[in-house]
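A.B. asks: Have a look at this one.
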Amino acid sequence: MDQMTETCPWCQKKLMVDAKPGRLYACPFCKKNFTSESRPPAEAIKAQAAPSQTDATQPADFVETPFVKDLVGRALAYLQDGLHVHLSGPAGGGKTTIALQVAQRIGRPVVLIHGDDQMGTADLVGKESGFKRSYTRDEYVHSVLKVEEESKPVWVGKALTDACQKGLTVVYDEFTRSRPEANNVLLSVMEERVLPLRGGTIPVHPDFRIIFTSNPADYAGVHGVQDALLDRMVTIMVSGFDEETEAAITQARSGLPLVEVRRVVALVRAFRDAGLKTSSASVRPAILISRILKVRGGHAHAGDHVFLQTCRDVLLSQARRTGADAENQPGEETMLRLIGEICSEPLPAERSKIEEAIHEMKSANLMAELGEDQEFQELLLRKLREKALARA
């Protein structure tokens, strides 16, 4: 079959293909499929060819309460004044989400970097990779062919170099997980506004900003930070949200009714204050419990089996991180006590059904069943609750 030269519409590389219209080809360079008759629009080509910078910076279901608004406003004010911001606090406190939201509001493209113990300076600024050869042919004398070859190393730039040159906003997530020597290059970038590169320096764009996030030093895999680096940034402690913010975040991420979410959040905060949870700031347990209740059709009530089992699975598993015994009996007792204190009252929907059940009973029968004995009173209350739950 005849062949022809075809240009890949994605990477613009030329390749030999069969001269058959409408055939599907696979580019060996970019691994994308195309046909000789179909051409993706320019916007699609640009989106596929360019590295993703803004997609990762779109936090879903971002909740802005007065507490969060104040935190975001402070960080944004520092950055707009030319400073760099460091959000520090326990895991699960929303540092990365807030950092991405602040970076997005600056209005510049955002680059996300994740700290890693294997990361070196070259992973931030780039390195020489391979060589580029050029030839000069002298063919003025037909009997002599002169060839001059020059080889130059090719520099492969990385995220920090691109951000410094183009004025991008960098979110360096968990930067303390990288070794301190890997971050030394940031000292001159943040203070002298120059990036040391290949024996020289390049100026840092005026719009360049960087937002750091980190966990406390006692977390596993976290390295110490140079004082010189900390002195070049404004550190904001994110030690946890207030109860209103936790409830709003949990409700947005789970879809559970707010009245039940408030109970879950209050329970998790009380359990946290009892000293049976490692992280003092995480809203994740409340989100997990609420999502499971939503999926399994449970309710935040002390008499709900799904709710009790979910609390055991989520809260007690986290309490064991503190080094409690295998049975974790103290945690079990504390959890059940807190559930009884916080979640014993009927939910609004359940309360209305109980009232309906009471009104349906004739007063004579009610008095006959009630009597004057406390056991009969408790029996009547149980019957009312069973009838109400049967209606739910």
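A.B. asks: For the residue pair ARG385 and ARG296, what label-to-label distance in nm results when each label sits 7 Å from Cα along the Cα-to-beta-carbon direction?
C.D. replies: Label at ARG385, label at ARG296, 1.9 nm between them.
A.B. asks: Still on this structure, I have one more. Taking the Cβ of each residue in TYR78, TYR219 as the centre, tally the other Cβ atoms inside 10 Å and list the residues starting with the fewest.
C.D. replies: Listing TYR78, TYR219 from fewest to most nearby Cβ atoms yields TYR219, TYR78.
A.B. asks: Can I ask one more? With the contact rule set at Cα under 8 Å and sequence spacing of 6 or more, what percent relative contact order holds for segment 165-204?
C.D. replies: 34
A.B. asks: Tell me, in nm to one decimal, what length is gained between HIS114 and ASP70 on full extension, where the rule is 0.36 nm per residue of separation less the Cα-Cα distance?
C.D. replies: Result for the pair: 13.3 nm of gain on full extension.
A.B. asks: A follow-up question, please. Could you give P(r) for segment 156-279, binned at 10 Å from zero, as whole percent values over all Cα-Cα pairs?
C.D. replies: 11, 30, 24, 19, 13, 3, 0
Values quoted throughout were computed directly from the atomic coordinates according to the rules given, and no laboratory measurement underlies them. The model shown is predicted, which means the values in this text are computed figures rather than measured ones. Cβ atoms come from the backbone with ideal geometry, glycine included; neighbour counts cover every protein chain shown.
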